[in-house]
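Q: Following this message is one structure expressed as structure tokens.
Just so it is clear, none of the values below were taken in a lab; they were calculated from the coordinates. Treat the numbers as computed from the prediction; the structure is a model and nothing was measured. Neighbour counts are summed over all protein chains in view; Cβ atoms, including those assigned to glycine, are modelled from backbone coordinates with ideal geometry.
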Amino acid sequence: MSFINYSSREINCKIVYYGPGLCGKTTNLSFIFKKTNPEHRGKMISLATETERTLFFDFLPLSLGDIKGFKTRFHLYTVPGQIFYDASRKLILKGVDGIVFVADSQIERMDANIESFENMKANLKEQGYDISNIPYVIQYNKRDLANVVPLAEFKKVLNVNGAPDFEAVAATGVGVFETLKAIVKLVLIELKKGT
Amino acid sequence: MPTSSLVMFEEEFKQITAVIDRLLKEANAKVVFLVDKDGQLIAASGETGDMDTTSLASLTAGNIAATGGLAKLIGEKEFSILFHEGEKDNLHISIVGQRVIVVVIFDQRSSLGLVRLRVKKANDELNAILQKLLRRVEKKPSVQENLLAEITDTDIDKLFH
């Protein structure tokens, strides 16, 4: 749920990175954090376990500049990917304006991708959203690995709705900003349509 | 969409700021924040200078969401007040009108009893302003549409240059 403040002339939106465990959601945020001018971003907060697995969420506030005199701010969140943290995932989806679904390209993670995507749809539905009317993009991460699912097959399975999709290697930053740019654009277009 | 966008106008912002400024004084607190349940900072008053207010807002919302989840598990609607006691500073968190969160940071110059009392009074006032704001947004969606309708694809592309 966006927050438009006419007093401080700000538009605030919430973007959630969703996907199976170890697919690279936190890595996406870390790369954005590293490559963004400190003036345009806040601190990155990671509520993680001692082994650096996301426990509740990661959070990164980004300030992208002005549109028609309004500052645009995006709050990026990740969900914990591991299956047993479902209650936390539901909480983080509350008030979401746009979603980046990060898929793990490795063949052996295909089932996990599908399960996570179905879980996302179910959790969105529980919050009153429908996947067909919420802005989302898909990122096929870890394309640099040897044992990856061919892109055509990936699209056929995960992207039946034809959402914007991107190949990425989040660890080195390939495709990270392209993905972010696409979701920001979709969220602003959705806001423009009127809520 | 399950809930509409939260929109804040100059008039209500001033009224809200006046209420939390007064709460800050009357509760003898260090800082008072108003945060949306989704983690957006709405207003702040007090010694916020070196404080990371954005992170504070986000974590507060996460905290409320997590304890709200716990409440449901034991058959409660929500826990409307949370209190965290530190060595020097304490946090008093409460929910107003099921939509926004009031965060009061205070030290030994105040007390939990005083903060609770003042927050309760301020919450009623804040709730009235927020209800008025929500009614205003429902009635006049055109204000918002006008601003957003003017956004072009070029404006969006420019954000990334």
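Q: Quick one: which of A:LYS71, A:LYS94 is over 29 Å from A:LYS156 (Cα atoms), surrounded by fewer than 23 Cβ atoms within 10 Å (Cβ to Cβ) and touching an Asp or Glu at 6+ places or on another chain (Cβ under 7 Å)?
A: Numbers: A:LYS94 fails: over 29 Å from A:LYS156 (Cα atoms).
Just a single option satisfies the conditions, and that option is A:LYS71.
Q: How many of the residues in segment A:139-160 are more than 16 Å from the chain's Cα centre (by Cα) and in a loop (DSSP other than H, G, I, E, B)? Steps first, answer last, please.
A: Residues of segment A:139-160 more than 16 Å from the chain's Cα centre (by Cα): A:143-157, A:160.
Those left that are additionally in a loop (DSSP other than H, G, I, E, B): A:143-147, A:149-150, A:160.
Residues in segment A:139-160 being more than 16 Å from the chain's Cα centre (by Cα) and in a loop (DSSP other than H, G, I, E, B): 8 in total.
Matching residues to (1) touching a residue at least 40 places away in the same chain (Cβ under 8 Å); (2) within 28 Å of A:SER63 (Cα to Cα):
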{"residue": "A:VAL100", "(1), (2)": "yes, yes"}
{"residue": "A:ASN113", "(1), (2)": "yes, no"}
{"residue": "A:GLU126", "(1), (2)": "no, no"}
{"residue": "A:PRO135", "(1), (2)": "yes, yes"}
{"residue": "A:LYS156", "(1), (2)": "no, no"}
{"residue": "A:GLY175", "(1), (2)": "no, yes"}
{"residue": "A:LYS192", "(1), (2)": "no, yes"}
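Q: With the checklist (1) among the hydroxyl-bearing types (Ser, Thr, Tyr); (2) in a helix (DSSP H, G or I); (3) more than 14 Å from chain A (Cβ to nearest Cβ) in hand, flag the one item B:SER94 doesn't pass.
A: (2)
Q: Follow-up. Would you please name the residue that is nearest to B:LEU41 (Cα to Cα), looking only at residues in segment A:23-70 that are touching a residue at least 40 places away in the same chain (Cβ under 8 Å) and β-branched (Val, Ile, Thr)?
A: A:ILE67
Q: Further, regarding this structure: State all residues of segment B:16-60 that are polar (S, T, N, Q) and in contact (Cβ under 8 Å) with a residue 24 or more places away in the chain; if no residue qualifies, say none. Walk me through it before giving the result.
A: In the first step, residues of segment B:16-60 are kept if they are polar (S, T, N, Q); the result is B:17, B:28, B:40, B:45, B:48, B:53-55, B:58, B:60.
Passing the criteria: B:THR17, B:ASN28, B:GLN40, B:SER45, B:THR60.
Q: What pairs come out if I take residues in segment A:1-19 that are more than 8 Å from chain B (Cβ to nearest Cβ) and pair them with residues that are part of a loop (DSSP other than H, G, I, E, B) and among the acidic types (Asp, Glu) whose C-beta lies under 9 Å away, six or more apart or interchain?
A: Pairs that qualify, where the first residue is more than 8 Å from chain B (Cβ to nearest Cβ) and the partner is part of a loop (DSSP other than H, G, I, E, B) and among the acidic types (Asp, Glu), are A:CYS13/A:ASP97; A:ILE15/A:ASP97; A:VAL16/A:ASP97.
Q: Kindly provide the set of residues from segment B:99-129 that are in contact (Cβ under 8 Å) with a residue 40 or more places away in the chain and under 25 Å from A:ASN5 (Cβ atoms), ordered by number.
A: The answer is B:ARG99, B:VAL100, B:ILE101, B:VAL102, B:VAL103, B:VAL104, B:ILE105, B:VAL119, B:ALA122, B:GLU125, B:LEU126, B:ILE129.
Q: In segment A:161-186, what count of residues is obtained for those that are outside any loop (DSSP other than H, G, I, E, B), touching a helix residue (DSSP H, G or I) at 6+ places or on another chain (Cβ under 6 Å) and surrounded by fewer than 20 Cβ atoms within 10 Å (Cβ to Cβ)? Write out each step before concluding.
A: Step one: list which residues in segment A:161-186 are outside any loop (DSSP other than H, G, I, E, B), which gives A:165-167, A:169, A:174, A:176-186.
Filter once more, keeping what is touching a helix residue (DSSP H, G or I) at 6+ places or on another chain (Cβ under 6 Å): A:166, A:176, A:185.
Okay, now just the ones that are also surrounded by fewer than 20 Cβ atoms within 10 Å (Cβ to Cβ), so A:185.
Residues flagged as outside any loop (DSSP other than H, G, I, E, B), touching a helix residue (DSSP H, G or I) at 6+ places or on another chain (Cβ under 6 Å) and surrounded by fewer than 20 Cβ atoms within 10 Å (Cβ to Cβ) within segment A:161-186 amount to 1.
Q: Keeping to segment A:40-60, report how many residues are buried (at least 23 other Cβ atoms within 10 Å of the Cβ) and either aromatic (Phe, Trp, Tyr) or facing chain B (nearest Cβ under 7 Å) (or both).
A: Of the residues in that region, 3 qualify.
Q: Do the conditions hold for B:ASP124, that is, is it out of contact with any His (no Cβ under 8 Å at 6 or more places or on another chain), acidic (Asp, Glu) and within 29 Å of A:SER88 (Cβ to Cβ)? Let's see the steps before the verdict.
A: Values: out of contact with any His (no Cβ under 8 Å at 6 or more places or on another chain): yes; acidic (Asp, Glu): yes; within 29 Å of A:SER88 (Cβ to Cβ): no.
So B:ASP124 does not fit the description; no.
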